[in-house]
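Data first, discussion second: the structure below is written as structure tokens.
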Amino acid sequence: MGEINNPCMTCGACCAYFRVSFYWAESEEAGGCVPQVLTEQVTPFLSCMQGTNSKTPRCVALEGEVGHAVSCSVYLNRPTPCREFDQSGLNGVTNAACDRARAQYGLPPLNVDLPTIDLTHLSCVPAEIHRQV
């Protein structure tokens, strides 16, 4: 089996920095997939992952030590905010929230590897060609 190069597996800062709020219907009780026992009600329409609604948040589903080796105990059943939160640098896009969470734990920002474009094969095309219909 090959090694997975995923910086999130050695980070976990986002899980221990932000409140993970989501629409209440994502929980099992309402027919969703997020384990009900790991959530708490925030408003009539919002729930959050237990442990994230505090001054020093840490998701109850986060296992391991932030910055070393981590995993999510409900990864396949995680709520939408977790599914949509991208690591900084993914597809050449910086995620300032990821960088901010990492900084809180003394971790450097992730590198943003922008795609390289090879311009050597391109030639100049007269502007009038682009204007023809």
May I ask you to list the residues in the range 25-52 that are assigned to a helix (DSSP H, G or I) and under 24 Å from G67 (Cβ atoms)?
L38
Hey, among F18, F22, which residue is within 26 Å of N95 (Cβ to Cβ), in a loop (DSSP other than H, G, I, E, B) and within 15 Å of the chain's Cα centre (by Cα)?
F18
Being free of Cβ contacts under 8 Å to residues at least 24 places away in the same chain, over 22 Å from Q87 (Cα atoms), open to solvent by 40 Å² or more (accessible area, probe 1.4 Å) and of a type in the set (A, V, I, L, M): is that true of V60 here?
no
Filtered residue count, the range 25-62, keeping only those that are of a type outside the set (D, E, K, R) and in contact with a strand residue (DSSP E or B) (Cβ under 7 Å, 6 or more places away or on another chain):
18
Restricting the range 102-119 to residues that are of a type in the set (S, T, N, Q) and at pLDDT below 95, the residue that is surrounded by the fewest Cβ atoms within 10 Å (Cβ to Cβ)
T116
Pick from the range 16-43, criterion of a type outside the set (A, V, I, L, M) and touching a residue at least 60 places away in the same chain (Cβ under 8 Å), ranking: surrounded by the most Cβ atoms within 10 Å (Cβ to Cβ)
Y17
Please enumerate the residues belonging to the range 76-101 that are under 15 Å from N6 (Cβ atoms), touching a residue at least 12 places away in the same chain (Cβ under 8 Å) and open to solvent by 60 Å² or more (accessible area, probe 1.4 Å).
F85, D86
Quick check: is even one residue across the range 120-129 of a type in the set (A, V, I, L, M), at pLDDT below 95, under 23 Å from M9 (Cβ atoms) and not in a loop (DSSP other than H, G, I, E, B)?
no
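The values are calculated or read from the model by the stated rules, or taken from the named source; none is laboratory data. The shown structure was predicted, so the numbers you read here are calculated from the model rather than taken from an experiment. No Cβ is skipped: glycine too gets one built from the backbone with ideal geometry, and neighbour counts run over all protein chains shown. Ligands, DNA and RNA are excluded from the accessible area calculation, which covers all protein heavy atoms including side chains. Shrake-Rupley method; radii C 1.70, N 1.55, O 1.52, S 1.80 Å.
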